[in-house]
Structure formats: C-alpha cells, structure tokens
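Scroll down for the structure; my scribbles are underneath it.
The values are calculated or read from the model by the stated rules, or taken from the named source; none is laboratory data. Computed from a predicted structure; not experimentally measured. Note: ideal-geometry Cβ built from the backbone for every residue, glycine included; neighbour counts use all protein chains shown.
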Amino acid sequence: MAYQINKTDGTIVATVADGQIDDLSTDITLIGKNFSGFGEAFNENLIKLLEHFSGNTAPRRPIKGQIWFDTSQSKLKVYNGISFVPVSSATVSSSQPSTLAAGDLWYDNVGKQLYFFDGLSVVLLAPAYSSVQGLSGLRVDTILDTLNQTRVVTSLYNNGVLLGIFSKDSFTPKIEIVGFNGNINPGFNAGTLSNFKIRATCTNSDSLGGAPAITYVRTDTSNSINGQLQITSDLGITIGSAGQANLFVSAGDVLISNAATDRNIQMSVRKGITQEAAITINAATRNINLYSGFTSSTVTTGGDLIVNGNLTVEGTTTTINTTTVAIEDKNIVIANVVSPTNITADGAGITIKASTDKTIIYSNSSNWLDVSETLNLAAGKAMYIGGTKVIDGNSLGSAITSIPGVSSFGTQTVVNIGPGVPAVTQMRLENHRISTVSTNFDIELEPDGTGNVALIGSPRITGMQDPVAAQDAATKEYADNKVESRPVIFTIDLSDGKSNTYIIANILNNLAPVSEYRPSTYARILCNLISNNAQSLSINSLPPSISTAPFLTNLGGASSLAITNISFPTANIAAASVSVTRIIKVFQIIGGVWTWQSDLPLPP
C-alpha cells in the first residue's frame, strides 16, 4: 500500500508508491514501502538534515520552516514560504569575526561593547567606551543631598576618572562622591583631578588667580607698577607716538633702535648740574660722536679696536705698545718716496731689535736681500726656484738631476733607480731588499767577463717557485717530491700464488718503505705466473714380451706355468708444455700504507 506523506499541518506533500522513491517533492528522498535501496537514501537524508543542506546555493525544493546553512555567507537561514531569510545571531569574540552578515550583532568580550554589522562595517551600539578605556563621557545620576532630597546631576568622566559635575541646583551631597569635594552649585563643578582646567576663551572674569581685576595693569590708562617688570617675549618695548624708540631682542642680541628717518640716538649723562651728551649716533651722516666738543675727554677700549675704513693718525710719532700687530692689507710698502729707484731702496728692509739686530736688508750693489740669520722652514714646507721645488725637509726636488762634488751619502733607507727625465723608478734598494718597481721586470745579476754570482758564507736561496724551463733552478722540495713520488717498478715471480697482502707485507714494505715515498705514490709490479701441463702414458697400448717356466709348490704338487719375465717396448713421452701469464699489479700509498688498486692483465 502506498505511503501518504503529510506536513505538520496535515497538508499532503506526496504519495509514494510501494518499492519506489520520491526525490522531486522535497529536498530529501521520500522512500516507499519495500524499496530495496532504502538504506542509502535514508542515511543521505540524515546527513542532509544534519548539515542543514549546507551549500552556496539554496535548496531547490524547500518547504516552509526548512533550515539552510548558506556557506557563501557562513550564515544559517530559514525558509518563510517565499524565500530564505537569515536567522538573527550575536557572535561573542575578542576580535571582529570575518563571517558577519548584514543585521548580525557582535559582542566584544574584551572591550565589553556591542556592535551592529550593516553589511559594510560594524557600528558601535553601546557603551561608547570599552572596558580598556574605562568609564568615559556623560552619565546621569540621582543622588541625595544632606536633606535627603533627590538631586539629578550629570557627571563627566574620562577613563574612569570624574572630571566634574553639571547641576542646576545648589546643594551638599549626603554621601561623599569619589573624585569630588565640597558643595555643588549651578553650572559645572570641577572634580579633584590635579591640574584640571577649562582651556577655552573667557569673555569676563570676577578675578584672576584669586586677585581682583583692579590689581592688574591696564592698557588704556597710566599705571604705576610696584615691583619688577619682566617681558619674556623678544618683541620687547616700543615707545613714542609713532613707535620710534624700540628695545627688543633678536636671536639673543639686545637691540636699541630709532625707527624715525634720519633721527639720532643720544645717550646723555649728568656731570654735576649739567646734562652732557656722552654718545650721539647721527643717522643722516652715519657719524658717532664721543663727548663731542669736550677736548679733555678720553676714550679707552679694554679690548680690540677694529676700523673697517681708513685710519688717519695725525701727529709726528705713532707708538704701538702691543705684542702683535696684525695687518689685513696684502702689501706693506717700504721706502715709498715720490720717485722710487734701486738707490732709494738701498738699505730698506726690516730690523728686529735684539742683543744684535736681526735684519732683512736690500743691497743695491749686489741686487739681493741680505738675511742676517739662518732660515728655518716649518715642517712640510720647501724651497723653490723659478716655481720649481729645489729641496724640502725630506728630499731634493725632482728638478735636481746632478749633485757634483758629493763623494758619499749617509745611511739611506730607500734608493730608487731608473732612467729618464723625469726619472721612472724601475729598481729599489730598501734596507736589505732589492726589488723591481715597474711591472714585470726581472732582477738581473750580470758579472763582468768570466765572473760568477758567488754566495759568501754558504747561505740558502729561499722562496723559490718550482722550475718551468730546463735551465730553471729547482727547490729541495721539488727534487724530493720528484724522487719520492716516482712510481716503484719491479718484477716478481708469482707462480706460487702469493696474495696481495703477502706482497705488501713482505715485498713492498721491505723494498719500498712508505716512509721513503710521498702519499699517492704508485707501485707497478710485473708478475709472472708459470705453469706446465703433465703428460700421461698408457701402458695398455704397449705389447708386452712375456716368458713362462714350470712352477713347483713345496708340497710337491703338480707343476704349473709361472710368468718369469715381462718386458715392454720403449715408450716416448712428449715434454710437458709450459704456459706463462703476465699481469701488472698496481698498488698506491693511501693513508700511510700500501694499498692494492687493480690488476692489469697483459697479452700472452
């Protein structure tokens, strides 16, 4: 009998015939009575229900109330009879989930804040501050005053600290408020937070710093200040109806200026009952007068006096009592007469007074400068003639190509030798070394005639390279290496079949000990193995010569014939053949011992 499948409300979904299935009416397979493959279909139905038809596309044949997990949005949805709609949910995590869909809520369990996802970004719902930030913002509180009346106040917090309280009433809190002391008055009442200020512009104030406003200096009237006046700005002070006088600081310098055109700055002092102009700076003429008109005045400088223009000294004698005279001009002219000649210049120069005068004097008769003392040039300086260096503190100049009259030199550290002008160094003698300087030059020793290169005292020549050409000298190491690495070659008879181990232990180690040869040296031994082939003789093929005689027993019995003589003819046996096998056994010194390497057979 066919199954009739009903919904919860009694509506028939499908009728399934016996032995049949229905996979068209719903998203699960409906199984008829006695269907042979019911087990697979039944289990698949359970899996689909278990995973809520998980997929990135909606089920094709949903029924109202069916649940579907949308993998494209990682969201659970329910079919309302028309379409699948999301099932509202709130995710609790410490960071924003990547699977949020529009309409989802997310509770940050670290910051203790609730967010709403609008499909693009999360929107903070509440509270406005996180648990890390602490209580921040305005909070409306109801508190009791000392008369037990309720008062509504608005408290302002930042990071859990009370900044102040807004109130419309005046009262005294009954219970102490953390972060606030005293009475509450209409307006904003600051808390006890250290250094808290309202940092904004105020149009009026009852007092400043607790002092009445009348005690402060005003700009619209004259003031008398009882105390020090300090201006901390570099802008300084401006005085005058047009701001002519200025006292200010620029880059640490104190400046006094007169801003009026061509007007003076004057500093005056009172001498007795008379006011005298001590310093007058005339802007129009750029003159500075010190006690102008007072001939008895004296100007004394405690340090340097610098004159950038011309200095005119009137009088007959100029005396300078200083240790050093520094003159910026590039040229000092001596003997500057109306018509200068060599004669008028004769005897001109410089005299340094001492126990005996030190002089540099021009001589007209010799036409040179006579210098009375020894010249001592500073280190690193040199003497030049015609622009060419002649000598310095270390060497003669390159222009000096001969030194006639010199018969010996002192101890030389370096002597460079080479031809050409200027000289090009090719060989150098330095301390105990002879070396070439120019690239790829040989050092040549060329005795005259039949002389030889003789070493005195039996010294050794060291540092040589291995020879290349036939006439090159060889080092001891090269000769030893050639001798001690040449292959060891000899012949032995190996007909007795001795092993490689026997050859190494008893022959090689005695004939060629490894201590006398270099590592990797080869030994090549020609080994002969002699063998012969024995010949056999068959006597069966030889006709014997036989004679007989009667034979009587001791018992006197009948006599019989007995063989008395057997002889064979002479047989010739061919000589045994001999064969020789030759091989070359190769041994090598490896790891300090002779080691067998290979056997090389040779043709017979």
Wholly enclosed strands (runs of 3 or more DSSP E) of segment 90-184 bearing at least 1 residues within 30 Å of PHE69 (Cα to Cα) and not charged (D, E, K, R): 90-93, 105-108, 113-117, 122-126
Which numbered condition ILE63 misses (of (1) more than 30 Å from ILE12 (Cβ to Cβ); (2) touching a strand residue (DSSP E or B) at 6+ places or on another chain (Cβ under 9 Å); (3) not charged (D, E, K, R)): (1)
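For segment 495-516, how many residues are part of a loop (DSSP other than H, G, I, E, B), polar (S, T, N, Q) and surrounded by fewer than 11 Cβ atoms within 10 Å (Cβ to Cβ)?
1
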Pairs where the first residue, in segment 136-157, is among the aromatic types (Phe, Trp, Tyr) and the second is modelled with pLDDT under 95 and loosely packed, with under 12 Cβ neighbours inside 10 Å, C-beta under 9 Å, 6+ apart: TYR157/LEU138
Residue within segment 495-508 that is among the acidic types (Asp, Glu), modelled with pLDDT of 75 or more and in contact with a helix residue (DSSP H, G or I) (Cβ under 9 Å, 6 or more places away or on another chain) present: no
Residue that is aromatic (Phe, Trp, Tyr) and assigned to a strand (DSSP E or B), where the choices are PHE53, PHE69, PHE35: PHE69
Selection count, segment 447-494, where residues are surrounded by 10 or more Cβ atoms within 10 Å (Cβ to Cβ), more than 14 Å from ILE525 (Cα to Cα) and at pLDDT 90 or above: 0
Yes/no for ASP70 being within 25 Å of LEU100 (Cβ to Cβ), out of contact with any helix residue (DSSP H, G or I) (no Cβ under 9 Å at 6 or more places or on another chain) and surrounded by 11 or more Cβ atoms within 10 Å (Cβ to Cβ): yes
Wholly within segment 320-415, strands (runs of 3 or more DSSP E) carrying at least 2 residues that are in contact with a helix residue (DSSP H, G or I) (Cβ under 7 Å, 6 or more places away or on another chain) and surrounded by 10 or more Cβ atoms within 10 Å (Cβ to Cβ): none
VAL249 being at pLDDT 85 or above, surrounded by 10 or more Cβ atoms within 10 Å (Cβ to Cβ), more than 25 Å from ASN289 (Cβ to Cβ) and outside the structural domain of ARG139 (by TED's automatic domain parsing): yes
Unmet requirement for THR11, which otherwise passes all of (1) β-branched (Val, Ile, Thr); (2) more than 60 Å from the chain's Cα centre (by Cα); (3) within 30 Å of GLN133 (Cβ to Cβ): (3)
Some residue of segment 209-223 being surrounded by 12 or more Cβ atoms within 10 Å (Cβ to Cβ) and of a type in the set (Ser, Thr, Tyr): no
Of residues in segment 186-206 being farther than 21 Å from GLN133 by Cβ and touching a strand residue (DSSP E or B) at 6+ places or on another chain (Cβ under 7 Å), the one surrounded by the fewest Cβ atoms within 10 Å (Cβ to Cβ): PRO186
